[in-house]
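Working notes, structure below.
The values are calculated or read from the model by the stated rules, or taken from the named source; none is laboratory data. The structure displayed is predicted, hence computed values, not measured ones. Heads up, the Cβs are rebuilt from the backbone with ideal geometry, glycines too, and the neighbour counts pull from every protein chain shown.
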Amino acid sequence: MGERRRGVPHPTRRRMSTAPLRLRVVATVAETDDARSVVLAAEDGAPVGYRPGQFLTFRVPVAEGALARCYSLSSSPHHEPERLVVTVKRIPGGRGSAWMCDELAEGDVVDALRPAGTFTPRDLDRDLLLVAAGSGITPVLSILRSALAAGTGHVTVLYANRDERSVIFAAELAALEQAHPGRLVVLHWLESLHGLPDDERLAARLTPYAAREAFVCGPALFMRAVEKALAAAGADPALVHVEEFVSLTGDPFAAPEPLAAGADEDEGAAELEVTLDGETRTLPWVRSRPLTDVLLAAGLPAPYSCREGACSACACVVTEGEVAMEVNQVLDDADLADGLVLGCQARPVSDRVRVSYDG
C-alpha cells in the first residue's frame, strides 16, 4: 500500500526512533471469507504512537530473503493504544496477503517499520465524509473509530462491496451507527443490488456531504469515480484525500550503503542544513545519494516508509536551494509549489540546500 493525498500537509515534528518495531501477534480474527485482522503488540509492551489512517510496513519472509508490504491500521490510537490491528484481504497470488492471512499465528513475532502515512485528519472535530470500497475500509475504520471516540463532528460513511457477504466490519459499522445516531450515518453500496458505482450515481449519494473533508480508499477506478462525483458536487479538491495501494519492489528495511571514504569530496557534495525534531544540523550531501539515506547514515531519525516515492512518510520542505526528485507518485503541483519534496527521492541540484521536517 502506498499513499497519495491531495493537499499533503506540511511535515510536523516527529519524535520517534526509526528502528524497526518487533511486534508480537496477540490474536487473529476472521472478518470475512477472504479478510483477516491481525492484532499486534510491541514485544516490550509499550504503546506505539500513531495517527488514525496510518499504515505499517512489514518485513515479509520469503525464500529469496524478504519482501516489504504495507498494510493499513484499522485500530484507533484512542482505544487500547497498546494494541495495533491491521486488516488484510487475501489477494490471489499475493505473497504478502497470503502470509498475513494464512501463516501468521498467535505468538509469532514480526518486524515492521513505525506507523507512517498522511491519510489522516488534522481535526477530528470537523464533519467528515469517509468513502471506501472493499478492503479500503481498513484506514477508513481507523479514522471513524477515532472521530467518534475523540471528536465531536458528524461522520458519513459510504461503503461499496460486491454483496453482503463481502462487507468487512458489517456488525461493527451497524453497532457504531446505533451507538451514535446523531453523529454517524452509514450508507452501503452493494453491486449485487445497485450495480457498479459510477460517478453520476455516486454524485447523487455524495452531494449532501460535498462540503466536508473527504477521505477515499479503494480500487483505483472506484476512487477516480468518487473524485469525479465530488468534483461535480462542488467539493473543494484540497479537502479530498485519496489513498492508493501499491506493492513495494525494494527493501526499506535495508540500511543505506556506507559512503566510501572521501566520497563527498569526489562528488562535489552540496551543503545540507536540516531541521529535524527541533534540532538543526549541517552535513555534506553527496549528490548521488537521496536525502533520507544521507540522514540515516548520519544517525539522524529521518522519517520514511517505502523509500520508493510511493508514500509521503518522508516528506519535508525545502526552504532554500533546489533539489530534484527521481520518482514522485505522491505530491501534486500544489504540494510542489509549497516546497514539499520526498526525502527518499531528493538529490541536490544547488550547492546549498536547507530543508525542514518540522512544521
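Each row is one residue, and each column tells you yes or no for (1) within 26 Å of the chain's Cα centre (by Cα); (2) of a type outside the set (S, T, N, Q); (3) at pLDDT 95 or above.
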residue	(1), (2), (3)
T156	yes, no, yes
N161	yes, no, yes
R165	no, yes, no
I168	yes, yes, yes
A171	yes, yes, yes
A174	yes, yes, yes
Q178	no, no, yes
H188	yes, yes, yes
Q. From P92, P61, P47, which residue is in contact with an Asp or Glu (Cβ under 6 Å, 6 or more places away or on another chain) and surrounded by fewer than 16 Cβ atoms within 10 Å (Cβ to Cβ)?
A. P47
Q: Within the stretch 96-121, track down each residue that is under 15 Å from Y71 (Cβ atoms), under 20 Å from the mean Cα position of the chain (by Cα) and either assigned to a loop (DSSP other than H, G, I, E, B) or charged (D, E, K, R) (or both).
A: D111, R114, G117, F119
**Q.** Tally of residues being of a type in the set (S, T, Y), under 18 Å from T282 (Cβ atoms) and in contact (Cβ under 8 Å) with a residue 60 or more places away in the chain across the stretch 312-351
**A.** 1
Q. Taking interchain pairs and intrachain pairs at least six residues apart, which have beta carbon atoms under 9 angstrom, with the first residue in the stretch 128-151 and on the phi > 0 side of the Ramachandran plot and the second buried (at least 24 other Cβ atoms within 10 Å of the Cβ) and among the acidic types (D, E)?
A. none
Q.
Looking at the structure I just gave you, is V318 of a type in the set (V, I, T), assigned to a loop (DSSP other than H, G, I, E, B) and either outside the structural domain of Y50 (by TED's automatic domain parsing) or out of contact with any helix residue (DSSP H, G or I) (no Cβ under 6 Å at 6 or more places or on another chain) (or both)?
A. no
Q) Do the conditions hold for V246, that is, is it part of a loop (DSSP other than H, G, I, E, B), among the β-branched types (V, I, T) and at pLDDT below 95? A) yes
**Q.** Meets criteria (surrounded by 20 or more Cβ atoms within 10 Å (Cβ to Cβ), touching a His at 6+ places or on another chain (Cβ under 9 Å) and hydrophobic (A, V, I, L, M, F, W, C)) for A315
**A.** yes
(Q) Condition first: at pLDDT 75 or above, out of contact with any strand residue (DSSP E or B) (no Cβ under 8 Å at 6 or more places or on another chain) and surrounded by 12 or more Cβ atoms within 10 Å (Cβ to Cβ). Now tell me which residues in the stretch 249-258 satisfy that. (A) none
(Q) Being buried (at least 20 other Cβ atoms within 10 Å of the Cβ) and either under 19 Å from F253 (Cβ atoms) or over 21 Å from the mean Cα position of the chain (by Cα) (or both) is the filter here; which residues of the stretch 22-44 pass it? (A) L23, E31, V38, L40
Q | Pair list, Cβ under 8 Å, 6 or more apart: the stretch 189-216 residue part of a loop (DSSP other than H, G, I, E, B), other residue of a type in the set (V, I, T) and surrounded by fewer than 22 Cβ atoms within 10 Å (Cβ to Cβ) | A | R212/T156
Q: May I ask you to say which residue of E213, E244, E177 is surrounded by 15 or more Cβ atoms within 10 Å (Cβ to Cβ), more than 30 Å from R69 (Cα to Cα) and in contact with a strand residue (DSSP E or B) (Cβ under 7 Å, 6 or more places away or on another chain)?
A: E177
Q.
Just to check your reading of the model, which residue among P52, P11 is within 30 Å of A315 (Cα to Cα), within 19 Å of the chain's Cα centre (by Cα), outside the structural domain of V274 (by TED's automatic domain parsing) and modelled with pLDDT of 85 or more?
A. P52
Q.
Under 7 Å between Cβ atoms, which residue pairs at least 6 apart in sequence (or on different chains) link something in the stretch 88-109 that is closer than 28 Å to D44 by Cβ with a partner that is in a helix (DSSP H, G or I) and hydroxyl-bearing (S, T, Y)?
A. V88/S97
